[in-house]
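The values are calculated or read from the model by the stated rules, or taken from the named source; none is laboratory data. Bear in mind the structure is a predicted one, so any value in this text is a computation, not a measurement. Cβ sites come from the backbone with ideal geometry, for glycine too, and all protein chains shown count toward neighbours. In case anyone asks, the SASA skips ligands and DNA or RNA and just uses the protein heavy atoms, side chains included. Shrake-Rupley method; radii C 1.70, N 1.55, O 1.52, S 1.80 Å.
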Amino acid sequence: MSKLTLDVDAVQAFVTIADFQSFTKGAEVLGTTQGAISVKLKRLEQRLGCKLIERTPRLVRLSAQGAVFIHAARDFIAAHERAVTALGSECRHFRLGIAEHVAGPEIPMLLARLNARDPALIIEVRLENSRSLLDAFDGGELDAVIVRQEDDRRDGEDLGPEYFGWFAAPDYEQREGEPLRLAALATCCGVRDVSTRALIQAGIEWNEVFVGGGHAAVMAAVSAGLAVAACSCRLAPADSIEVSQRLGLPSLPPSRIMLHTTLSDSRSREVLRTLAAIYREHRPVKRREAGH
């Protein structure tokens with residue numbers, strides 16, 4: 001009986017489709033077309049003699065055989081990457097900045113995918129506000145940044161929309177006749193600027209009763225019931241609710257998530273494709289006020 005051999009590209013196609021549960025997103029990460037990775041998957045299934053992926057118009061998932069094979073497939077790809085990297089294994093640094101109002105639940109997946117894609121890559125991640133990150137990027141301190149779109153800057157790759165709202169703890173009570181109790185980041189925060197401008201235009205008085213040194217601190221103040229905060233609907237605390245209608249607060253304009261980079265070599269472009277695909281997978285959504 002002839003010895004079974006596997007094609008690396010075909011196995012990579014299978015693993016990527018399984019990771020993203022999408023042929024379209026898998027093709028985007030691999031820098032190819034949906035048709036091309038479909039052909040690679042079919043070739044692998046024919047080689048193994050079993051169906052690995054079940055696909056319907058609304059769902060892409062592992063078959064029973066695929067669930068068994070996926071772990072070995074990941075090990076196969078990882079071993080291949082280590083072997084290739086060993087031939088030119090100079091450690092490369094990838095300096096990435098992610099805005100605090102953008103960094104969310106996709107970060108662990110992002111780091112895992114980057115490591116799997118290029119094990120020799122040394123990843124440095126900086127979390128700050130968009131303006132500081134763009135200044136660092138322009139100054140050559142960062143290789144790429146993922147930030148909110150700035151009004152005066154139109155370059156970069158659009159990764160999708162970001163929606164904002166006003167969030168508070170479910171038991172938060174605004175006393176009638178008193179200024180809105182507001183929690184916010186420092187004065188250099190663009191979201192703070194947009195939200196306070198909206199309050200001024202709506203004729204709503206406010207007091208900043210909590211100023212946080214980071215997004216996590218502001219969200220902790222919201223969860224504790226100290227104040228209301230304007231933040232991304234995607235990143236608001238799970239124990240908070242959107243209170244725009246309840247408190248008569250103005251709507252906040254959406255923004256865009258943008259990827260800026262000057263890297264152009266092939267290895268870096270693969271890393272950047274992975275970044276873009278993961279953020280598009282975790283597309284921001286609007287979050288409606290409870291009870292509406």
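When residues in the range 227-252 are screened for being of a type in the set (D, E, K, R) and surrounded by fewer than 19 Cβ atoms within 10 Å (Cβ to Cβ), 2 of them pass. Counting residues in the range 98-106 that are open to solvent by less than 40 Å² (accessible area, probe 1.4 Å), among the β-branched types (Val, Ile, Thr), in contact (Cβ under 8 Å) with a residue 60 or more places away in the chain and not in a helix (DSSP H, G or I) gives one or more.
When each of GLY35, GLY31 is tested for being at positive phi and among the small types (Gly, Ala, Ser), the lone residue that passes is GLY31.
Number of residues in the range 147-163 that are in contact with a His (Cβ under 8 Å, 6 or more places away or on another chain) and open to solvent by less than 10 Å² (accessible area, probe 1.4 Å): the value is 2.
ILE70 fulfils the conditions (1) among the hydrophobic types (A, V, I, L, M, F, W, C); (2) under 19 Å from ALA277 (Cα atoms); (3) open to solvent by less than 30 Å² (accessible area, probe 1.4 Å) except for a single criterion, (2). Take the range 212-233 and flag every residue that is touching a strand residue (DSSP E or B) at 6+ places or on another chain (Cβ under 7 Å), touching a residue at least 60 places away in the same chain (Cβ under 8 Å) and in a loop (DSSP other than H, G, I, E, B). Once the filter is applied, which keeps residues that are touching a strand residue (DSSP E or B) at 6+ places or on another chain (Cβ under 7 Å), touching a residue at least 60 places away in the same chain (Cβ under 8 Å) and in a loop (DSSP other than H, G, I, E, B), the range 212-233 yields only CYS233.
The sole residue among ASP239, ASP171 that is among the acidic types (Asp, Glu), outside any helix (DSSP H, G or I), modelled with pLDDT of 90 or more and out of contact with any Gly (no Cβ under 7 Å at 6 or more places or on another chain) is ASP239. Flag not set for VAL271, criterion: crowded, with 17+ Cβ neighbours inside 10 Å and modelled with pLDDT of 90 or more.
Residues considered: GLN34, GLN65, GLN46. Of these, the only one that is without any contact (Cβ under 8 Å) to a residue 40 or more places away in the chain, out of contact with any His (no Cβ under 7 Å at 6 or more places or on another chain), within 21 Å of ARG269 (Cα to Cα) and open to solvent by 40 Å² or more (accessible area, probe 1.4 Å) is GLN34.
Over 19 Å from the mean Cα position of the chain (by Cα), open to solvent by 20 Å² or more (accessible area, probe 1.4 Å) and modelled with pLDDT of 90 or more, is that true of GLU141?
Numbers: over 19 Å from the mean Cα position of the chain (by Cα): yes; open to solvent by 20 Å² or more (accessible area, probe 1.4 Å): yes; modelled with pLDDT of 90 or more: yes.
Yes.
Among the residues of the range 38-60 satisfying the criterion of being of a type in the set (D, E, K, R) and at pLDDT 90 or above, which is nearest to GLN21 (Cα to Cα)? Selected residue: GLU54. With respect to TRP166, is the statement that it is open to solvent by less than 10 Å² (accessible area, probe 1.4 Å) and in contact with a Leu (Cβ under 6 Å, 6 or more places away or on another chain) true? Answer is yes for this residue.
Suppose we keep only residues that are modelled with pLDDT under 90, in a loop (DSSP other than H, G, I, E, B) and not aliphatic (A, V, I, L, M) within the range 174-192. Which one would you say is least open to solvent (accessible area, probe 1.4 Å)? So that I can check it myself, show each step before the final result.
Keep residues of the range 174-192 that are modelled with pLDDT under 90, which gives 174-177, 184-192.
Within this subset, residues satisfying the condition of being in a loop (DSSP other than H, G, I, E, B) are 174-177, 186-189.
Going one step further and asking which of them are not aliphatic (A, V, I, L, M), we end up with 174-177, 187-189.
Values: GLN174: 49, ARG175: 161, GLU176: 184, GLY177: 84, THR187: 102, CYS188: 61, CYS189: 7 Å².
Among them, the one singled out is CYS189.
Here LYS51 meets the list (1) outside any loop (DSSP other than H, G, I, E, B); (2) in contact with a helix residue (DSSP H, G or I) (Cβ under 7 Å, 6 or more places away or on another chain); (3) more than 30 Å from VAL191 (Cα to Cα) almost entirely, failing just condition (1).
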